[in-house]
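Scroll down for the structure; my scribbles are underneath it.
The values are calculated or read from the model by the stated rules, or taken from the named source; none is laboratory data. What you see is a predicted model; the values in this text were computed from it and never measured. For neighbour counting, all protein chains shown are included, and Cβ atoms are generated from backbone atoms with ideal geometry for every residue, glycine included. Note: areas computed on protein heavy atoms with side chains; ligands, DNA, RNA excluded. Shrake-Rupley method; radii C 1.70, N 1.55, O 1.52, S 1.80 Å.
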Amino acid sequence: MTEHTPVKTRREGAVLEVTLDRPKANAIDLATSRMMGEAFQAFRDDDELRVAIITGGGEKFFCPGWDLKAAAGGDAVDGDYGVGGFGGLQELRDLNKPVIAAVNGIACGGGLELALSADMILAADHASFALPEIRSGTVADAASIKLPKRIPYHIAMELLLTGRWFDAEEAQRWGLVNEILAADQLMDRAWELARLLASGPPLVYAAIKEIVRDAEDAKFQDAMNRVTGRQLRTVDVLYGSEDNLEGARAFAEKRDPVWKGR
């Protein structure tokens with residue numbers, strides 16, 4: 001009998017799909033987190049891959065976060081989550097490629113934090129969200145950092161302080177979700193979007209992601225000076241690249257550009 005693996009990957013062209021498939025609820029223990037980190041690290045370091053999709057196995061759960069049963073069995077909450085931190089994504093350095101979260105069900109606690117680590121979030125119409133850590137006497141650390149920067153402060157604090165559940169429509173209303181789709185259309189749309197992004201300029205994507213990270217806590221002019229001064233590695237690579245010239249030439253020649261990623 002083939003041993004079940006909690007992290008499945010599917011590769012098609014320049015797109016990598018990573019599925020968290022750990023019945024019954026896709027909760028993440030230390031071993032699973034390390035496997036996810038290895039998958040996303042490999043994605044980051046593979047020049048042939050340009051876009052990733054993260055989703056959950058089954059129809060009910062995307063991810064409920066930390067596996068409390070594993071914790072009760074000895075997994076330390078401050079244990080070795082592996083490269084990229086919890087879920088392999090939220091602390092992965094220099095991840096300069098687009099990531100799409102396809103939330104196929106419940107995303108709460110660390111599962112919502114995992115979705116927040118993506119660049120775009122698609123949600124099934126039955127998806128639901130919460131940050132219930134407050135009820136178990138702990139803190140949603142990554143969400144406490146990220147959420148007030150993504151949505152209105154008072155809404156973020158309400159969700160963090162009460163741990164209440166909210167549905168996909170409310171998530172979209174606050175700007176947490178890009179699109180809501182019928183469950184049977186979710187992955188088709190995720191792949192459609194991923195293929196669109198994969199056809200785009202990878203060096204530009206890399207520069208966009210580094211600029212956004214660098215500017216998060218910087219004054220506007222300081223951030224602009226680093227960009228225009230080519231002080232960011234990805235910007236420097238882009239401005240000296242074949243792709244940068246190709247974009248201008250394709251525009252002048254009224255044709256579609258051919259991106260080579262160099």
Please go through (1) part of a helix (DSSP H, G or I); (2) surrounded by 18 or more Cβ atoms within 10 Å (Cβ to Cβ); (3) free of Cβ contacts under 8 Å to residues at least 60 places away in the same chain for residue 69 and return the number of the only condition it doesn't satisfy. (2)
Pairs only if they're at least six apart or on different chains, beta carbon under 6 angstrom, first in region 168-187 and in a loop (DSSP other than H, G, I, E, B), second open to solvent by 50 Å² or more (accessible area, probe 1.4 Å); list them, first residue then second. 178/120; 182/125
Would you mind listing the strands (runs of 3 or more DSSP E) fully within region 96-151 where at least 1 residues are open to solvent by 10 Å² or more (accessible area, probe 1.4 Å)? 106-108, 120-124, 128-130
What is the number of the single condition among (1) outside any loop (DSSP other than H, G, I, E, B); (2) touching a residue at least 40 places away in the same chain (Cβ under 8 Å); (3) open to solvent by 40 Å² or more (accessible area, probe 1.4 Å) that residue 33 does not meet? (3)
Of the listed residues (242, 216, 210, 246), the one being within 28 Å of residue 14 (Cα to Cα), open to solvent by 70 Å² or more (accessible area, probe 1.4 Å) and either of a type outside the set (Lys, Arg) or touching a strand residue (DSSP E or B) at 6+ places or on another chain (Cβ under 9 Å) (or both) is 242
Restricting to region 219-239, and then to whatever is in contact (Cβ under 8 Å) with a residue 12 or more places away in the chain and open to solvent by 60 Å² or more (accessible area, probe 1.4 Å), can you tell me which residue is farthest from residue 200 (Cα to Cα)? 226
Quick one: how many residues across region 24-75 are within 14 Å of the chain's Cα centre (by Cα), among the hydrophobic types (A, V, I, L, M, F, W, C) and closer than 16 Å to residue 108 by Cβ? 3
When you check residue 1 against the structure, is it among the hydrophobic types (A, V, I, L, M, F, W, C), modelled with pLDDT under 95, open to solvent by 20 Å² or more (accessible area, probe 1.4 Å) and out of contact with any helix residue (DSSP H, G or I) (no Cβ under 7 Å at 6 or more places or on another chain), yes or no? yes
Which residue pairs have Cβ atoms closer than 9 Å, lie 6 or more positions apart in sequence or on different chains, and pair a first residue in region 78-106 that is without any contact (Cβ under 8 Å) to a residue 12 or more places away in the chain with a second residue that is among the charged types (D, E, K, R) and open to solvent by 10 Å² or more (accessible area, probe 1.4 Å)? 93/44
Residue 203 - would you say it is closer than 28 Å to residue 45 by Cβ, open to solvent by less than 50 Å² (accessible area, probe 1.4 Å) and either more than 22 Å from the chain's Cα centre (by Cα) or not hydroxyl-bearing (Ser, Thr, Tyr) (or both)? yes
Looking at 80, 119, 167, can you tell me which residue is closer than 25 Å to residue 60 by Cα, of a type in the set (Asp, Glu) and in contact with a helix residue (DSSP H, G or I) (Cβ under 8 Å, 6 or more places away or on another chain)? 119
Does residue 82 satisfy the criteria of being open to solvent by 10 Å² or more (accessible area, probe 1.4 Å), assigned to a loop (DSSP other than H, G, I, E, B) and under 18 Å from residue 5 (Cα atoms)? yes
Kindly list the number of the only condition in (1) surrounded by 14 or more Cβ atoms within 10 Å (Cβ to Cβ); (2) more than 19 Å from the chain's Cα centre (by Cα) that fails for residue 194. (2)
